[in-house]
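Peer 1: One structure is given below, represented as structure tokens, and several questions about it will come after.
The values are calculated or read from the model by the stated rules, or taken from the named source; none is laboratory data. Values in this document were obtained by computation on a predicted structure and should not be read as measured data. Neighbour counts are summed over all protein chains in view; Cβ atoms, including those assigned to glycine, are modelled from backbone coordinates with ideal geometry. With ligands, DNA and RNA removed, areas are computed over all heavy atoms of the protein, side chains included. Shrake-Rupley method; radii C 1.70, N 1.55, O 1.52, S 1.80 Å.
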Amino acid sequence: MRATYRKSIRVLFVLVLGAAGVVLTGSPASAVPVDIDLCAEAGTLALPAGASSPVWGYARAVLDIDGQPTCAGVTPSVPGPVLDVNAGDTVHVVLHNDLNEPVSFEAPGLSVDAGSPPAPAHGTAAYSFTASAPGTYLYQSAANSGRQLAMGLYGALLVRPGTAGQAYDSAVSAYDVESVLVLSAVDPGFNADPDNADLYSYAPTYWLINGKAYPDTVPVHAAGPGTRVLLRFLNAGFDNTTMALLGLHERVIARDGHLLNNPFSANAETVPAGATEDTVATIPAAGSRFALYNRQLHLTNGAAGTAGHSPGGMMTFIVVP
């Protein structure tokens, strides 16, 4: 039985829907075969001041009474669940598509089987790849990708190295707390009728961190002065996005899953559309609340004059007890 096989493997999957930090204290598991069943589903994204938007999103399948994966009753999230694997793992993804159009799975930077067909409407497709190198990667649908990205079919995939407490195989990537920060936007007008909407007229009015706009964003919690906070930025939007830290610097250590030969310090750094970036911010001796925000000032919600319009958007805080 497939369910029995799954119980025999050591796999860590972390579901991160907010920007909360996770402290890693154990050692990574050995490389193993990893089975992931993902569902592509229609859902609704809650927005500030009681607003909402239709979305399409990924969700983890659950097991039915026979131990088989099913998408019955699952709720999609935007972004999708974080997929957490170890370097060297052989990853098998079965995509169960409950939408009315084909959906696929790709992770730029990782060699997902070339030529794998998308999952047809209300069908399935299988994908395989080796988690060949540690890093931070986006996963997304490559079928009708612009429209499906706008609707929410994206998420974060983390590949961990053999050393706990590091993002890569280098001490420069050591950290105490990590936070996954998926940057994106939503145009509720587009999402209300994606089959007929024109992408050239796409005009977001909500700017999101992990699917939430301020004041609903989740803070990043740090333990105190000297804490090294790993910020894993993933830009799932269509715009290059500059994220600024107020009151401290971050050390830029990697881009697109590749460790930089020459890391550098910055208080604001641009993450291109579709790209990922890893930075480490060390909490200083003074200060307990540090703003992390979109420097293009996408800090509003909805149209001007609507409830909860400002402040809002792509902003959260690193907080220290």
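Peer 1: Can you list residues from other chains, or at least 5 along the same chain, whose modelled amide H is less than 5 Å from the amide H of VAL271?
Peer 2: HN-HN under 5 Å from VAL271: THR241, THR242, MET243.
Peer 1: Also: Kindly write out, for the range 62-75 in residue order, the coupling ³J(HN,Hα) from the Karplus curve 6.51 cos²θ - 1.76 cosθ + 1.60 (θ = phi - 60°), rounded to whole Hz, with x marking Gly and Pro.
Peer 2: With the stated coefficients, the range 62-75 comes to 10, 9, 7, 5, 9, x, 9, x, 9, 9, 4, x, 7, 10 Hz.
Peer 1: In a Gaussian network model over the chain where Cα atoms closer than 10 Å are linked, find which of PHE264, PHE105, PHE190 has the largest mean-square fluctuation.
Peer 2: Comparing PHE264, PHE105, PHE190 in a Gaussian network model of the chain, the most mobile one is PHE264.
Peer 1: Could you check the simple spin-label distance between ASN240 and ALA303, using points 7 Å along Cα→Cβ, in nm with one decimal?
Peer 2: With each label point 7 Å from Cα toward Cβ, the separation is 3.1 nm.
Peer 1: Whole-Hz Karplus ³J(HN,Hα) for the range 164-174, in order, using 6.51 cos²θ - 1.76 cosθ + 1.60 and θ = phi - 60°, x for Gly and Pro?
Peer 2: 5, x, 10, 8, 9, 7, 7, 5, 5, 9, 5
Peer 1: Right, here's the next one. Considering only DSSP beta bridges with both partners in the chain, what is the antiparallel share in %, to the nearest 5? Spell out each step's value before the answer.
Peer 2: Working: 65 of 86 bridges.
Roughly 75 percent of the beta bridges in the chain run antiparallel, per DSSP.
Peer 1: At 1.4 Å probe size, with no ligands or nucleic acids counted, give the accessible surface of ILE283 in Å², nearest ten.
Peer 2: We get 10 Å² for ILE283.
Peer 1: Taking the full set of protein chains and a 1.4 angstrom probe, give the accessible area of TYR293 in square angstrom, rounded to the nearest 10.
Peer 2: 50 Å²
Peer 1: How much of the accessible area of the chain, in percent, comes from carbon and sulfur atoms when a 1.4 Å probe is used?
Peer 2: Carbon plus sulfur share of accessible area: 54 percent.
Peer 1: Here's another thing I want to ask about it. Can you bin the range 175-321 into rounded, prolate or oblate? Criterion: square roots of the alpha carbon gyration tensor eigenvalues sorted a ≥ b ≥ c, rounded for a/c under 1.5, prolate for a/b above b/c, oblate for the rest. Walk me through the numbers on the way to the answer.
Peer 2: Working: a/c = 2.59, a/b = 1.56, b/c = 1.66.
Oblate shape, in that a/c is at least 1.5 and b/c is the bigger or equal ratio.
Peer 1: Sticking with this one: Springs between alpha-carbon pairs under 10 angstrom, Gaussian network model over the chain: which of ALA281, ALA266, ALA167 fluctuates most?
Peer 2: Answer for the Gaussian network model of the chain: ALA266.
Peer 1: Name the residues whose placed amide hydrogens come within less than 5 Å of the amide hydrogen of ALA87, ignoring near sequence neighbours (fewer than 5 apart) on the same chain.
Peer 2: It is ARG160, by chain and number.
Peer 1: Normalising by the residue count of the chain, find the relative contact order in percent from Cα pairs under 8 Å and 6+ residues apart.
Peer 2: Numbers: 895 pairs, mean separation 54.2, N = 321.
About 17 percent, as a whole number.
Peer 1: Something else about it: Could you run the Karplus curve 6.51 cos²θ - 1.76 cosθ + 1.60 with θ = phi - 60° over the range 94-100 and give me ³J(HN,Hα) per residue in whole Hz, x for Gly and Pro?
Peer 2: Whole-Hz 3J(HN,Hα) from phi for the range 94-100: 10, 9, 9, 9, 9, 8, 8.
Peer 1: Follow-up. Please list, ordered by chain and number, the residues whose modelled amide H lies under 5 Å from the amide H of LEU260; skip anything fewer than 5 residues away on the same chain.
Peer 2: Distant-sequence amide H within range of LEU260: ALA254, ARG255.
Peer 1: In Å², what does the accessible area per residue of the range 96-173 work out to with a 1.4 Å probe? Could you put the intermediate results ahead of the total?
Peer 2: Details: 2690 Å² over 78 residues.
Spelled out: the 1.4 Å probe surface of the range 96-173, per residue, equals 35 Å².
Peer 1: So, for the range 209-281, what is the accessible surface per residue at a probe of 1.4 Å, expressed in square angstrom? Display every interim value, and only then the final one.
Peer 2: Details: 2800 Å² over 73 residues.
For the range 209-281, the per-residue accessible area is 38 Å².
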